[in-house]
Structures are given as structure tokens and as C-alpha cells.
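Below is one structure; the comments refer to it alone.
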Amino acid sequence: EADENLERHLTDYRIGRDVIYASFSWKMSAEACELARELASKHGAGFFDAGGDGEIILPDGTQIQ
């Protein structure tokens, strides 16, 4: 049987030289974006919300809309 909770948390990753792209279910979008923002800040990386409002946060914390 399918585990609905597990399926909701499945994530597809693409990793390149200067980018990590993660795609996830819409049901998890708010939680996943928040975690991605936190991790980007913690590790001095930028963040681009490609699936949302297009928010960009540079590694220095500057936000671009």
C-alpha cells in the first residue's frame, strides 16, 4: 500500500556546479520553502523561490522582489 505521508515528503533534486534545485509536492511547499530559506542562510547560500512569488535572497541577506 502507498504511504500517503511518505509520498507527501518525496523530493526530487538536481545538483549542479552553482545550484541545487529541489522540487516537492504543493502540499509541502510552505514547509519546504521555509526549511530551504533557513538552510541557505545557515550555509551562506542564496535562495530563489522558483515556485512561489519569485523571491530572491542573496547570500548577504539582501532580498530582491
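The values are calculated or read from the model by the stated rules, or taken from the named source; none is laboratory data. Just so you know, these numbers come straight off a predicted model, no measurement behind them. Every residue, glycine among them, receives a Cβ derived from its backbone with ideal geometry; neighbour counts consider all protein chains shown. In case anyone asks, the SASA skips ligands and DNA or RNA and just uses the protein heavy atoms, side chains included. Shrake-Rupley method; radii C 1.70, N 1.55, O 1.52, S 1.80 Å.
Observations, loosely collected:
- Complete set of residues in the range 1-43 that are touching an Asp or Glu at 6+ places or on another chain (Cβ under 9 Å) and either under 25 Å from Thr62 (Cα atoms) or β-branched (Val, Ile, Thr) (or both): Tyr21, Ala22, Ser23, Cys33, Ala36, Arg37
- Pick from the range 1-27, criterion over 20 Å from Gly52 (Cα atoms) and at pLDDT below 90, ranking: surrounded by the fewest Cβ atoms within 10 Å (Cβ to Cβ): Glu1
- Qualifying residue in the range 28-47 (condition: hydroxyl-bearing (Ser, Thr, Tyr), in contact (Cβ under 8 Å) with a residue 24 or more places away in the chain and open to solvent by 60 Å² or more (accessible area, probe 1.4 Å)): no
- Boolean, Glu55 is free of Cβ contacts under 8 Å to residues at least 60 places away in the same chain, among the charged types (D, E, K, R) and open to solvent by less than 80 Å² (accessible area, probe 1.4 Å): yes
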